[in-house]
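To start, the structure under review is shown below, and the notes come after it.
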């Protein structure tokens with residue numbers, strides 16, 4: 001996890017900015033349904049009148065209103081008289097208080113005015129009601145008479161639902177505006193235009209924010225995956241063969257590519273959806289929490305959560321299996337592509353096709369299972385979204401009829417419910433990616449947390465590049481990590497500068513293993529290897545290996561040119577040194593025959609050059625940076641005898657001060673060595689020069705006579 005946090009640390013600022021953008025985006029998104037509701041409720045139904053207070057009112061109407069309140073002075077303090085009108089003062093700060101003061105009086109006056117001309121049974125008035133007569137009667141009454149005659153009426157008016165009261169008051173105010181010739185249509189149009197313009201501005205800002213979040217999330221996820229792959233490759237390059245074999249090459253490739261891509265996709269969705277969806281969902285829930293229909297949305301959310309958790313529990317275990325099967329598909333693909341010549345030689349194409357087809361179908365079947373499970377989420381969400389809209393309209397219509405809810409509020413409620421369900425829909429989409437990303441993340445962390453069994457000590461010693469180097473094996477034994485027997489046992493010898501130490505033996509006797517202990521591809525199990533009396537474990541691996549030129553059994557070449565391959569150890573190597581290395585390695589002849597000479601392209605793995613040419617280029621690469629220790633791990637096997645002889649002769653003339661090791665199968669390759677080490681089953685059975693070993697070592701003599709005649713050996 002520390003490695004992951006290190007990668008995320010430089011990206012912290014853009015991540016915080018992206019999250020802040022998401023909060024701001026959610027806040028604006030949640031404002032839009034309110035604007036829609038206000039356009040319907042206020043702009044259309046209330047003709048643009050936002051609050052139940054008069055902007056302008058006739059003196060007569062104001063006098064009627066003041067009859068039903070004892071706060072007449074406070075109310076009048078908000079207005080100033082202009083001819084036969086009361087006009088609201090400019091910059092009134094507390095309009096809510098004024099609305100509260102006017103609420104009951106306006107409702108009572110409006111109700112009385114609505115009775116004008118009507119005949120009501122059991123009324124104190126005979127014939128049609130005259131509202132002016134009622135007001136005149138009230139003005140003439142004492143407070144006790146008013147309470148006796150109108151007390152029950154006014155008390156009943158004050159107990160009416162506040163929402164109904166406000167809607168009625170706004171309707172009464174609109175009629176008053178018409179009576180005094182106040183332009184209600186202009187007020188309504190202004191309100192609709194301003195509200196619409198505000199929505200357009202919000203929509204434009206949301207577009208900019210969405211683009212910004214997408215841009216930031218793309219940069220963050222791309223940079224994160226780039227750095228994560230870089231860390232993985234760096235970590236893999238520190239692995240010894242033990243760790244590489246433990247994970248397998250195919251698995252390490254999958255983890256570096258497919259698994260990182262899964263994590264990258266999740267991080268992209270995390271910044272775009274996973275953070276945004278809950279903010280939107282909980283924000284919308286908070287908006288509808290006060291509504292009488294909030295229980296409907298609560299039931300829908302609970303249903304969605306139960307289904308999501310169930311599907312997640314079913315699908316999650318399968319994602320780990322998917323990544324393992326991808327490893328297997330990669331392994332088989334790699335083997336088939338690498339082994340095409342062998343497959344064709346044995347006419348085994350059908351078998352390999354079946355083997356790949358089985359792994360491929362296993363991957364297809366498990367992907368189909370997961371997709372079938374997760375694909376249920378989308379139609380289910382769609383059903384819930386439509387069902388909740390129907391129920392809100394159904395129950396909301398009753399509330400509208402009762403006067404406790406407005407049409408615009410129902411529209412806002414439907415929009416908020418859709419926002420909530422879409423938030424869960426977004427999370428459900430991510431839930432398809434999340435399990436696989438978690439599995440991939442664990443696999444990546446597993447590699448990053450894996451410590452190499454071969455590592456540097458604190459405060460290592462250092463070899464000087466100027467000094468000639470003497471290599472000593474001191475009672476060295478080695479056992480592979482998963483084995484029970486020693487591959488190399490009790491090996492002791494010394495290799496000095498200006499000498500060639502050859503190692504020979506039957507196949508599987510441990511020659512390559514022994515030579516791979518010097519550059520610490522493996523660490524000795526017992527004993528020690530020293531260079532100039534310094535244990536190689538006390539040296540940094542960089543310092544150790546910068547003094548070693550290594551030519552492996554398989555002359556692996558990198559994609560590029562002949563020049564880039566020879567100069568692989570250091571691009572600063574001069575052209576003269578490059579050409580000299582190629583000449584010593586007997587590679588200059590065939591290079592000169594190439595159309596582009598040293599600029600000739602090399603295909604992947606050196607597939608466009610022969611085995612012998614590949615080996616000679618690998619030798620030239622090792623010689624180019626002039627190492628003090630030179631290791632040839634059966635590196636002459638692909639060259640003919642004539643070239644082999646020339647190559648060894650050239651090495652002997654030009655490698656001054658170099659400690660050379662040659663692992664070979666051919667006896668002709670080791671004839672001229674200063675000392676030959678004969679291995680059998682990991683043990684040294686003879687050390688000496690060719691002529692001495694022919695007399696003293698039975699194993700060496702058998703190998704020699706199996707390849708050359710006695711006359712040739714003499």
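Once C-alpha pairs closer than 8 Å and six or more residues apart are averaged by separation and normalised to the residue number of the stretch 500-630, the relative contact order reads 31 percent.
The gain in end-to-end length when the residue 180 to residue 642 segment is fully stretched comes to 154.4 nm, 0.36 nm per residue minus the alpha carbon separation. Globularity index of the stretch 556-625 is 0.94 (Cα radius of gyration / 2.2 N^0.38 Å, N = number of residues).
Across the stretch 217-268, the relative contact order, built from alpha-carbon pairs under 8 Å that are at least six residues apart, equals 72 percent. Each residue, residue 672 and residue 607, gets one label point 7 Å from its Cα in the Cβ direction; the gap between the two is 3.7 nm. Available extension along the chain between residue 133 and residue 353 is 68.9 nm, counting 0.36 nm per residue and deducting the alpha carbon span.
Under 14 Å from a label point set 7 Å out along the Cα-to-Cβ vector of residue 230, the amide N atoms of the stretch 2-22 belong to 4, 6-11. Each stretch of four or more DSSP H residues adds -39500 (n - 2.57); spread over every residue of the chain, this sum gives -20000 deg cm²/dmol at 222 nm.
In plain terms, the chain from residue 492 to residue 461 could stretch by 8.8 nm, reckoned as 0.36 nm per residue minus the Cα-Cα distance.
The label-point distance for residue 200 and residue 694, in a model that sets each label 7 Å from Cα toward Cβ, rounds to 10.3 nm. Modelled spin-label separation between residue 398 and residue 593, with each label point placed 7 Å from Cα along the Cα-to-Cβ direction: 9.6 nm.
Of all DSSP bridge pairs formed entirely within the chain, close to 55 percent run antiparallel. Set the Förster distance to 56 Å, then compute FRET efficiency between residue 70 and residue 318 from the Cβ-Cβ distance, nearest 0.05. According to the calculation, E is roughly 0.15. Here is the P(r) of the chain: all C-alpha pair distances, binned every 20 Å from 0, give 13, 28, 21, 15, 12, 9, 3, 0 in whole percents. When the alpha-carbon atoms of the stretch 575-714 are used, the pair Rg, Dmax equals 16.8, 52 angstrom.
When only Cα pairs below 8 angstrom with a gap of at least 6 residues are kept, the chain shows a relative contact order of 13 percent.
Protection proxy ranking, highest mean first, for peptides 15-25, 435-445: 435-445, 15-25, where packing is the per-residue count of other beta-carbon atoms within 10 Å, averaged. The order of the peptides 608-618, 208-218 by mean Cβ neighbours within 10 Å, most packed first, is 608-618, 208-218. In the stretch 322-380, the inverse of the mean reciprocal separation of distinct Cα atoms equals 13.0 Å; this is its Kirkwood hydrodynamic radius.
Packing, taken as the mean count of other beta carbons within 10 Å per residue, orders the peptides 29-39, 474-484 from highest to lowest as 29-39, 474-484.
Each reported figure results from applying straightforward, stated rules to the coordinates on display, with no laboratory input. Predicted, not measured: the structure shown is a model, and the values here were computed from it. We place every Cβ from the backbone using ideal geometry, glycine too, and count neighbours over all the protein chains shown.
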